[in-house]
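Participant: Provided herewith is a single structure, encoded as structure tokens, for subsequent inquiry.
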Amino acid sequence: MRILVWHVHGGWMEAFVRGRHEYLLPKSSDGGAWGLGRGGREWPAAAQDVNVETLDPASVDAVVLQRPEEIAAVARSLGRRPGVDLPAVYLEHNTPKGDVPFTLHPLADQNTIPVVHVTHFNQLFWDTGTATTTVIEHGIPDPGHLYTGEREEMGVVVNEPVRRGRVTGTDLLPGFAGVAPLRVFGMGTEALPEALNLKEFGLSEERLRIAGDVATPTLHQELARCRLYLHPLRWTSLGLALLEAMHLGMPVLALATTEASRAIPRGAGLVSNDVGDLQRFARRLLNDPDDAYAMGMVAREAALQRYGLDKFLGAWDELLAELPKGTRSGSSPHTGTANARKDTDSRQDTERTHP
């Protein structure tokens, strides 16, 4: 199939474009959220930059939508209406924002475009009304068992931690820095030292080591040198970096929020909402590299089984094969705003990569 899909979440696309289809990625001269194309990624040749305004409408077999506004954009550019004239599915990456758990999804109560959630938590908490929904969990291209744990540090990967604040558990970082140094990767992390001001906590600035936004291979190599992975996020769908860390063979510590308790099995680290327990467990792993290594192996085996690339691509193949049969001219899909049956705000904090 030839699938039109915008490059919105780089981590998710890293897996999706490794399937057996052709992936048409809109690209414009100014780039940005509506024209990033491949974005310089080392993806298979099947992932192709296209100009959506000049794309042959008949050459597109299906569209994977990720933002409500894309429905109107596709209809305008191709003259084909997603869910009516063009097989379509809506991929929901994010946890709901607004009046949780009453947040109405932008595609609620329509029957032409199925909604695919990346976690069971998302499916449970979004109100999609009568819309058809399913879950296809994340898939991760296996980076290999790279873990060494040679650095007595906690690795953290988070995008825009200052702007997103409590969502990403940024306020919890000084407490963990009191246990051991943190090596922090991700977009916008250069603003962390000033925002956290560890001196106010009686801590050396050396306890916060900013690695920044680095290429994926470098991230994997450097992260795997940290003794453990810390996932302090309060409200995220499921950080892909957490799953990558597990693939690397890292033991993981996480808040028991959203999908973390499903993703992290017993024996792979600790999942808890007691921050003190997490800090004490971190100290234990820092002091016992053999124990940390053994837990990382449990984490890796679980990640390969549940979040393996083949399982992910197979689930998407099945769904995409069924789309043409389910496309019909019934109720019209929404074009960017939710129904007014609840006074909710369905706006989402979309990031190009998950934290």
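The values are calculated or read from the model by the stated rules, or taken from the named source; none is laboratory data. Just so we're clear, the structure is a prediction, and the values are computed from it rather than from any experiment. In this analysis, Cβ positions are derived from the backbone assuming ideal geometry, glycine residues included, and neighbour counts consider all displayed protein chains. Note: areas computed on protein heavy atoms with side chains; ligands, DNA, RNA excluded. Shrake-Rupley method; radii C 1.70, N 1.55, O 1.52, S 1.80 Å.
Participant: When both residues are 6+ apart or on different chains and their Cβ atoms are under 7 Å apart, which pairs have a first residue that lies in segment 34-57 and is free of Cβ contacts under 8 Å to residues at least 60 places away in the same chain and on the phi < 0 side of the Ramachandran plot, and a second that is among the small types (G, A, S) and part of a loop (DSSP other than H, G, I, E, B)?
Facilitator: W34/S28; G35/S28; D49/G37; P57/G79
Participant: Considering only segment 45-65, state which residues are surrounded by 18 or more Cβ atoms within 10 Å (Cβ to Cβ) and over 17 Å from H21 (Cα atoms).
Facilitator: V52
Participant: If only one of D99, D109 is among the charged types (D, E, K, R) and either on the phi < 0 side of the Ramachandran plot or open to solvent by less than 10 Å² (accessible area, probe 1.4 Å) (or both), which one is it?
Facilitator: The match here is D99.
Participant: Among L255, L323, which is the only one that is modelled with pLDDT of 95 or more and among the hydrophobic types (A, V, I, L, M, F, W, C)?
Facilitator: After applying the criteria, what remains is L255.
Participant: A follow-up question, please. Mind checking which residues of segment 276-290 are loosely packed, with under 15 Cβ neighbours inside 10 Å and either within 24 Å of the chain's Cα centre (by Cα) or without any contact (Cβ under 8 Å) to a residue 12 or more places away in the chain (or both)?
Facilitator: G276, D277, R280, R284, N287, D288, D290
Participant: Is there any pair with a first residue in segment 150-172 that is free of Cβ contacts under 8 Å to residues at least 24 places away in the same chain and a second that is open to solvent by 50 Å² or more (accessible area, probe 1.4 Å) and part of a helix (DSSP H, G or I) whose Cβ atoms are under 8 Å apart and which are 6 or more apart or on different chains, and what are they?
Facilitator: G165/D171
Participant: Can you name the number of the only condition in (1) aliphatic (A, V, I, L, M); (2) over 29 Å from G239 (Cα atoms); (3) surrounded by fewer than 16 Cβ atoms within 10 Å (Cβ to Cβ) that A75 fails?
Facilitator: So the condition that A75 fails would be (3).
Participant: Please determine whether any residue of segment 308-315 is open to solvent by less than 30 Å² (accessible area, probe 1.4 Å), among the aromatic types (F, W, Y) and modelled with pLDDT of 95 or more.
Facilitator: Looking for residues that are open to solvent by less than 30 Å² (accessible area, probe 1.4 Å), among the aromatic types (F, W, Y) and modelled with pLDDT of 95 or more, one finds at least one in segment 308-315, hence yes.
Participant: Still on this structure, please answer the following. Could you say whether any residue in segment 116-129 is on the phi < 0 side of the Ramachandran plot, among the charged types (D, E, K, R) and either open to solvent by less than 10 Å² (accessible area, probe 1.4 Å) or assigned to a helix (DSSP H, G or I) (or both)?
Facilitator: Among the residues of segment 116-129, not one is on the phi < 0 side of the Ramachandran plot, among the charged types (D, E, K, R) and either open to solvent by less than 10 Å² (accessible area, probe 1.4 Å) or assigned to a helix (DSSP H, G or I) (or both), which makes the answer no.
Condition check ((1) more than 27 Å from L242 (Cβ to Cβ); (2) part of a strand (DSSP E or B); (3) open to solvent by 20 Å² or more (accessible area, probe 1.4 Å)) across all residues:
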site: W12; (1), (2), (3): no, no, no
site: G19; (1), (2), (3): no, no, yes
site: L24; (1), (2), (3): yes, yes, no
site: S29; (1), (2), (3): yes, no, yes
site: G32; (1), (2), (3): yes, no, yes
site: G40; (1), (2), (3): no, no, yes
site: W43; (1), (2), (3): no, no, no
site: R67; (1), (2), (3): no, no, yes
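Participant: State the number of residues belonging to segment 141-164 that are surrounded by fewer than 18 Cβ atoms within 10 Å (Cβ to Cβ), touching a helix residue (DSSP H, G or I) at 6+ places or on another chain (Cβ under 8 Å) and more than 21 Å from G11 (Cβ to Cβ).
Facilitator: Result for segment 141-164: 1.
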